[in-house]
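Peer 1: Shown below is the structure under consideration.
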Amino acid sequence: MPGFPDPPSASVTELKGQVLWTREIHGVAGQNPSFGPAGAALYLSDGWGNRPAPALRFRRFDASSGEETGRWPCGSTVRCLVPLDGGDLLVATDQRLARLDATTLVERDRWNRGIRHATTMAVSGGIAAAGNSAMPTVSLLELSTGALRRRRHGPALAILGRTTGDPILVGGSPASLSLLDPTTGDIRRLRSLPSAMAAALSADELGVWLVTGVRAVVDERPGGVSVRPGDAVTRLEWHPLDGGEPLAIDAPLPVRTIAVDAGSLWLTPGPLSGTPQHLAIRAPHGGWRVWRPPYGEMIDAVAPAAGLVITSIRVDGAERRAMTCHRVAA
């Protein structure tokens, strides 16, 4: 159980952070940084710029020191990653899946066919389930043989792996919560959901947290179509897997992303230009804490278990960004 909704008078405490390190990284945007398990490592890709694709690298940094410990020639941005049994990483680029050593990023295996542009992924029983928030199918890849199957379902907002039990499939359109059996490919719908822009499995794996709202807005006009991110929202919902009643709470500031730890929820508005940046943290038994990055810096990634936040800002006159790791005491 994630706790009960905060009372309307719940207080908000402003937090301070400690800078651990800063370093410049390649590209003006598109690095897609993410923390590894427990926040011990930071992974990111070289971003957009004039570097040719063969020169692009996926990199690992020690989260406490900022030291680079490994790199891998990715060719395009790594969109998502998951830890594997034995300590390796499974990463998805626009072209392939690859198994890498989690520290050195030495490549151990790769799969070049079938799964492209995956933005969410989970592994269960030696089978990788991958999806995309804009594609109508879920792909199932047996890692030992390379056998590939597809199941039509609709766009996948998130595929959430669990320590026990089948992965959770959060559908984007129509919005739904389902169990995905990787062995048979069966998708068992549990319940309908409101439209959501982000989802995370609760720490006890008994339910799913949602940031409700429209993830992308499509504007049709004469001469073309444009797509923009949906507006940040304050409404959060927790939906139990056993069919019980959902719970709703309101964040003190508008958000688009969510990360979960055993003790808290960490929420941000996403690293979008022109969007005021903040980190809203909900404590286990209610009450909110807010941390704000230095002016002009975007919040790119958070690691609730380690109390870490990654921010970045473009370096003037260069195709690089200055990336900073902060420790935030929640």
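Peer 1: Within the range 206-222, track down each residue that is under 15 Å from ASP242 (Cβ atoms) and under 17 Å from the mean Cα position of the chain (by Cα).
Peer 2: Of all residues in the range 206-222, those under 15 Å from ASP242 (Cβ atoms) come to 206-208.
Residue satisfying the conditions is VAL208 alone.
Peer 1: Now for a separate question. Test GLY75 against the criterion of being at negative phi and either crowded, with 22+ Cβ neighbours inside 10 Å or in contact with a helix residue (DSSP H, G or I) (Cβ under 9 Å, 6 or more places away or on another chain) (or both), and give yes or no. Spell out how you get there, then give the answer.
Peer 2: Details: at negative phi: no; either crowded, with 22+ Cβ neighbours inside 10 Å or in contact with a helix residue (DSSP H, G or I) (Cβ under 9 Å, 6 or more places away or on another chain) (or both): yes.
Answer is no for this residue.
Peer 1: If you take the residues of the range 68-89 that are of a type outside the set (Ser, Thr, Tyr) and in contact (Cβ under 8 Å) with a residue 40 or more places away in the chain, which of them is nearest to GLY49 (Cα to Cα)?
Peer 2: Looking only at the range 68-89, we keep the residues that are of a type outside the set (Ser, Thr, Tyr), and these are 68, 70-75, 78-89.
Okay, now just the ones that are also in contact (Cβ under 8 Å) with a residue 40 or more places away in the chain, so 78-83, 89.
Working: VAL78: 16, ARG79: 17, CYS80: 21, LEU81: 23, VAL82: 27, PRO83: 29, LEU89: 26 Å.
Looking at residues that are of a type outside the set (Ser, Thr, Tyr) and in contact (Cβ under 8 Å) with a residue 40 or more places away in the chain, I get VAL78.
Peer 1: Among the residues of the range 142-152, are any touching a residue at least 40 places away in the same chain (Cβ under 8 Å), out of contact with any Pro (no Cβ under 9 Å at 6 or more places or on another chain) and buried (at least 18 other Cβ atoms within 10 Å of the Cβ)? Before the answer, list the steps.
Peer 2: Taking the range 142-152 first, the residues touching a residue at least 40 places away in the same chain (Cβ under 8 Å) are 143.
The next check asks that each one be out of contact with any Pro (no Cβ under 9 Å at 6 or more places or on another chain); those that pass are 143.
Checking the rest, the ones that are also buried (at least 18 other Cβ atoms within 10 Å of the Cβ) come to none.
No: zero hits.
Peer 1: Still on this structure: For the range 172-192, give me each residue that is within 18 Å of ASN132 (Cα to Cα) and among the hydrophobic types (A, V, I, L, M, F, W, C).
Peer 2: Once the filter is applied, which keeps residues that are within 18 Å of ASN132 (Cα to Cα) and among the hydrophobic types (A, V, I, L, M, F, W, C), the range 172-192 yields ALA175, LEU177, LEU179, LEU180, ILE187.
Peer 1: Taking the condition of being within 17 Å of ARG162 (Cα to Cα) and surrounded by fewer than 23 Cβ atoms within 10 Å (Cβ to Cβ), how many residues in the range 121-138 meet it? Walk me through it before giving the result.
Peer 2: Pass one, the range 121-138, residues within 17 Å of ARG162 (Cα to Cα): 121-131.
Narrowing further to those that are surrounded by fewer than 23 Cβ atoms within 10 Å (Cβ to Cβ): 123-127.
Going through the range 121-138 one residue at a time, the tally reaches 5.
Peer 1: Kindly indicate which of ASP261, ASP219 is over 21 Å from PRO37 (Cα atoms) and not hydrophobic (A, V, I, L, M, F, W, C).
Peer 2: Values: ASP261 fails: over 21 Å from PRO37 (Cα atoms).
Answer to the selection: ASP219.
Peer 1: While we're looking at this one, here's another question. Which residues, counting only those in the range 271-304, are among the aliphatic types (A, V, I, L, M) and at pLDDT 95 or above?
Peer 2: First, pick out the residues of the range 271-304 that are among the aliphatic types (A, V, I, L, M): 272, 279-281, 283, 290, 298-299, 301-303.
Within the range 271-304, LEU279, ALA280, ILE281, VAL290, MET298, ILE299, ALA301, VAL302, ALA303 qualify.
Peer 1: Another question, if that's okay. Would you mind stating whether GLY165 is crowded, with 20+ Cβ neighbours inside 10 Å and modelled with pLDDT under 95?
Peer 2: When the stated conditions are applied, GLY165 does not pass them.
Peer 1: For LEU157, only one of the following conditions fails: (1) assigned to a strand (DSSP E or B); (2) farther than 24 Å from GLU245 by Cβ. What is its number?
Peer 2: Against the list (1) assigned to a strand (DSSP E or B); (2) farther than 24 Å from GLU245 by Cβ, LEU157 comes up short only on (2).
Peer 1: Only residues that are over 16 Å from the mean Cα position of the chain (by Cα), over 15 Å from THR22 (Cα atoms) and in contact (Cβ under 8 Å) with a residue 24 or more places away in the chain: list them for the range 289-304, please.
Peer 2: ARG289, VAL290, TRP291, ARG292
Peer 1: Consider the range 188-202. How many of its residues are surrounded by fewer than 18 Cβ atoms within 10 Å (Cβ to Cβ) and among the hydrophobic types (A, V, I, L, M, F, W, C)?
Peer 2: First pass over the range 188-202, keeping only residues surrounded by fewer than 18 Cβ atoms within 10 Å (Cβ to Cβ): 188-192, 194-195.
With among the hydrophobic types (A, V, I, L, M, F, W, C) added as a condition, the list becomes 190.
Counting residues in the range 188-202 that are surrounded by fewer than 18 Cβ atoms within 10 Å (Cβ to Cβ) and among the hydrophobic types (A, V, I, L, M, F, W, C) gives 1.
Peer 1: On the given criteria, is SER176 in a strand (DSSP E or B) and at pLDDT below 95? Don't jump to the end; show me each part of the working.
Peer 2: On the way: in a strand (DSSP E or B): yes; at pLDDT below 95: yes.
Yes.
The values are calculated or read from the model by the stated rules, or taken from the named source; none is laboratory data. Note that the coordinates shown come from a computational prediction; the quantities given were computed from them, not determined experimentally. Quick reminder, even Gly has a Cβ in these numbers, built from the backbone with ideal geometry, and neighbours come from all protein chains shown.
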